[in-house]
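Student: First the structure, which I've put down as structure tokens, then a few questions once you've had a look.
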Amino acid sequence: MQELLQALKEAGVERLDTAALYPPTDIGASERLLGQIAAARQGFTIDTKVLIGLSGFQGTLEPEKIARSIAGSQKVLNFGEGQRVNVLYPHAPDMATPLKDQAYGFDVQYREGMFDKVCTA
């Protein structure tokens, strides 16, 4: 894995995209691997997505679930002092949670310094 990161760095890749779900066959392994080799501490910027359930997306963007997901990602990704997720994405639409509640959940985590940007597209 370290060789891969070195090759990416040499190719000019500085930003990595992952998700709390990846891969679905071993949920969270992608973030765990990046954390084990301390990719963020090696200068990579990391984007991730809010954890979703495989059985459905309803309720996955409730404020407390956003908070739990980003806190788990921060820990597993093994960030150094002052490092945080670059872009936090909603992984899938949540039609059950009111949009104002979703926005509130993202806003709280942003204000707490858990991530730099949110992308909804």
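Student: Test residue 51 against the criterion of being surrounded by 19 or more Cβ atoms within 10 Å (Cβ to Cβ), under 13 Å from residue 19 (Cβ atoms) and without any contact (Cβ under 8 Å) to a residue 60 or more places away in the chain, and give yes or no.
Tutor: Criteria met by residue 51.
Student: Let me ask something additional. Quick one: which of 105, 56 is without any contact (Cβ under 8 Å) to a residue 12 or more places away in the chain, over 27 Å from residue 8 (Cα atoms) and not polar (S, T, N, Q)?
Tutor: Answer to the check: 56.
Student: Moving on to the next point. For the condition out of contact with any His (no Cβ under 7 Å at 6 or more places or on another chain) and assigned to a helix (DSSP H, G or I), what is the one hit in 72, 59, 80, 12?
Tutor: On the way: 59 fails: assigned to a helix (DSSP H, G or I); 80 fails: assigned to a helix (DSSP H, G or I); 12 fails: assigned to a helix (DSSP H, G or I).
Exactly one residue qualifies, and that residue is 72.
Student: Can you tell me how many residues within segment 38-67 are among the hydroxyl-bearing types (Ser, Thr, Tyr) and within 14 Å of residue 94 (Cβ to Cβ)?
Tutor: 2
Student: Kindly evaluate residue 84 against the criterion of being under 19 Å from residue 38 (Cα atoms) and among the charged types (D, E, K, R).
Tutor: Yes: the conditions hold for residue 84.
Student: Hey, can you tell me all the residues within segment 89-105 that are over 15 Å from residue 30 (Cβ atoms), out of contact with any helix residue (DSSP H, G or I) (no Cβ under 6 Å at 6 or more places or on another chain), of a type outside the set (Ser, Thr, Tyr) and buried (at least 17 other Cβ atoms within 10 Å of the Cβ)?
Tutor: Matches in segment 89-105: 90, 94, 102.
Student: If you check 46, 37, which single one turns out to be surrounded by 15 or more Cβ atoms within 10 Å (Cβ to Cβ), within 28 Å of residue 5 (Cβ to Cβ), more than 12 Å from the chain's Cα centre (by Cα) and at pLDDT 95 or above?
Tutor: Working: 46 fails: more than 12 Å from the chain's Cα centre (by Cα).
Selected residue: 37, the only one of 46, 37 that is surrounded by 15 or more Cβ atoms within 10 Å (Cβ to Cβ), within 28 Å of residue 5 (Cβ to Cβ), more than 12 Å from the chain's Cα centre (by Cα) and at pLDDT 95 or above.
The values are calculated or read from the model by the stated rules, or taken from the named source; none is laboratory data. For clarity, every value in this text was computed on a predicted model and none was experimentally measured. Note that we place each Cβ from the backbone using ideal geometry, even for glycine, and neighbour counts take in every protein chain shown.
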